[in-house]
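*Asks:* Pasting in a structure now, in structure tokens, and then I'll have a few things to ask.
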Amino acid sequence: VGVAALRTSVRDPPAFAAVYRAHARTVLVHLTRRTFDPEAALELTAETFAQAFASRRRFRGDSDDDVARWLLGIANHVHARSVRRGRAESRALRRLGVQVPPAEPEDLARIVELAGLAGLRADVAAGLAALPDAHREAVRLRVVEELPYPEVAARLAVTEQAARARVSRGLRGLRAALEPPAATQEPSP
Amino acid sequence: MTDQPRIDALDELGRRFDAALAAAPRRRRGRVAVAVAAAAAALATPAVAVVTDGFDFGRDVPRPGTPGGPPLPVTGRPPERTLDVLALAGSDAGRAELRRRLAAVGIGLRVTAAPVGPSRVGIVLGVQFPRRARFQGRQLVLERGVGGTVIVAVGAPPRAGQTARLTIAEALPEVPAAVDRDDAAGTARRLRALGFTVRVRLVVDNPARATDPLATPTGVKAVADPPPGTVVLQVTNADGGATGRPGMRVLVLEVAPRGSAVASAHP
């Protein structure tokens, strides 16, 4: 339903609703696992679909899987921009005139459960434990303590370049635990 | 298909997309029953600005008074058909009036209490409109017959078992004491001396706004320290949010060039 609806929506915008219904949960789960914050993930999901709608003419895929990959690519872009800017982007949403509804606590709990955050945290903990001590400490100082690199370097008694390398290698080692598994391609609700 | 837990917010978001997409290809005509005057940008986020000691501790809050923001023009609408929801929702009497006026066009009003610290008790934290509400310029318009409910979230003292969401000023009273709007560099220096890791963001007016009223009002970039000639806009947590907790170490200091539109909006 995704690719056909997406193509139809170029001339018939309401058809895009089917794209949302087919992929909203997948995108929400993906973003929840990236942000660890279901409320932020909901806002980013909304912006993802608003940007997807705005750029639907540029979709070049052939299958529903291509639609999912395209949406997740937009979601990653929206997430990265939100990290850089320190806030959720909402430009496309505002252009569309859509407000993100507030999520009740029960909703947030269901999103956390759906995204399997508890398991993910365990995976991250296991991934951290498996890192070499130097890399784990560098990640802790930079990501958990949020220290600037010069201070990380000072704490580790290494150069700033070495500190950056340790953080980078540590994060790379964690990637397997942080990446959502393929199973998050869920059936539409 | 497996049973999926229902996520009401996701379903509601879908309905809002449906309504927006249905409106996308054509302009609706007439029959506007109630025009709700409100800043579109302010309503695009679940929270509204909370100004404490002259500083905006709002979460992801558009900066009041930025080009295209408030004050709120209400053009082409008879005054008696226009409601300023944010203003009315801030008091018991206003909410009664709001309930009556909305009921006249078949729309309900639900007021919910959100647990907050003392400084935000009674403040309107968010307004949620029925799914078929839509923006028209900078007004949010409800047409007769759209039905549904306007939901207003108002700050209230936490009940037993609830945890209040504190503002930064409530959780860290030393922060507002260290902030001097006209001394951005000194503010950063004092906050750092208090042990905070301070990330500075420079906010500038977006020149594209002059030709595109829907363009983002401002642009933001990270800088090491407040540049000369800047003033403090606001202090947020690391996520750009309004909330704080004792022991929090990272703050974001937003500054803007003195005399810019965004700076002028923060008296």
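*Asks:* Counting other Cβ atoms within 10 Å, keep those with at most 13, restrict to DSSP loop, and tell me which trypsin sites (Lys or Arg not before Pro) in the stretch A:54-121 are left.
*Replies:* Working: sites: A:ARG56, A:ARG57, A:ARG58, A:ARG60, A:ARG69, A:ARG81, A:ARG84, A:ARG85, A:ARG87, A:ARG91, A:ARG94, A:ARG95, A:ARG110, A:ARG121; in loops: A:ARG60, A:ARG87.
The qualifying sites are A:ARG60.
*Asks:* Rounded to the nearest 500, what is chain A's calculated 222 nm mean residue ellipticity when only DSSP H runs of at least 4 contribute -39500 (n - 2.57) each, over all residues?
*Replies:* Details: 10 runs with 132 residues, N = 189.
Mean residue ellipticity, 222 nm, calculated: -22000 deg cm²/dmol.
*Asks:* Report, in debye and to the nearest 20, how large the dipole of the stretch A:1-140 comes out about its Cα centre when Lys and Arg carry +1 and Asp and Glu carry -1 on their Cβ.
*Replies:* In debye, rounded to 20, the stretch A:1-140 gives about 740.
*Asks:* Let me ask something else about it. Residues of B:233-240, mean number of Cβ from any other protein chain within 10 Å of their own Cβ, rounded to a whole number?
*Replies:* Details: counts 0, 0, 0, 2, 1, 2, 8, 5.
For this peptide, the per-residue mean of nearby foreign Cβ atoms is 2.
*Asks:* Okay, moving on. If you count, for every residue in A:104-115, the Cβ atoms of partner chains within 10 Å of its Cβ, what is the mean?
*Replies:* Neighbouring Cβ atoms belonging to other protein chains average 3 per residue here.
*Asks:* What's the average, rounded to a whole number, of partner chain beta-carbon atoms within 10 Å of each residue's beta-carbon in A:16-29?
*Replies:* Mean inter-chain Cβ contacts per residue within 10 Å come to 3.
*Asks:* Please report how far the C-alpha centroid of the stretch B:166-188 lies from that of the stretch A:31-67, rounded to the nearest whole angstrom.
*Replies:* Going from one Cα centre to the other spans 37 Å.
*Asks:* In nm, give the distance between the simple-model label positions of B:ALA193 and A:VAL83, each being 7 Å from the Cα along the Cα-to-Cβ direction.
*Replies:* A separation of 3.5 nm, rounded to one decimal place.
*Asks:* Kindly state, as a whole number, the per residue volume in cubic angstrom of the convex hull around the alpha carbon atoms of chain A.
*Replies:* Measuring per residue, one finds 131 Å³ for the Cα hull of chain A.
*Asks:* Could you check the spin-label model distance between A:ARG175 and B:ALA93? Points 7 Å from the Cα along Cα→Cβ, value in nm.
*Replies:* Computed distance between label sites A:ARG175 and B:ALA93 equals 6.3 nm.
*Asks:* For the stretch A:1-53, what is the charge dipole size about the Cα centre, in debye to the nearest 20, if Lys and Arg each add +1 at the Cβ and Asp and Glu each add -1 at the Cβ?
*Replies:* The calculation lands at about 280 debye.
*Asks:* Give the order of A:SER9, A:SER55 when sorted by the count of other beta carbons within 10 angstrom, beginning with the fewest. Mind dumping the intermediate values first?
*Replies:* Values: A:SER9 22, A:SER55 12.
Placing the least packed residue first, the sequence is A:SER55, A:SER9.
*Asks:* A:SER55 versus A:ALA118, label points 7 Å from Cα toward the beta carbon: distance in nm?
*Replies:* 3.7
*Asks:* Taking neighbour Cβ counts within 10 Å as the exposure measure, how do A:TYR20, A:TYR149 sort from fewest upward?
*Replies:* Ascending Cβ contact count within 10 Å gives the list A:TYR149, A:TYR20.
*Asks:* Only counting other Cβ atoms within 10 Å, I'd like B:SER260, A:SER63, A:SER168 sorted with the fewest neighbours first.
*Replies:* A:SER63, A:SER168, B:SER260
*Asks:* Something else about it: What ranking do B:8-19, B:188-199 get when scored by the average of other Cβ atoms within 10 Å per residue, highest first? Each step should come with its number before you reach the end.
*Replies:* Values: B:8-19: 20.2, B:188-199: 16.5.
Output ranking for B:8-19, B:188-199: B:8-19, B:188-199.
Quick note: the coordinates plus some simple rules give every number you see, no bench work behind them. All values reported here derive from a predicted model rather than from experimental measurement. A quick note on method: Cβ atoms are made from the backbone with ideal geometry, for glycine too, and the neighbour counts reach across all protein chains shown.
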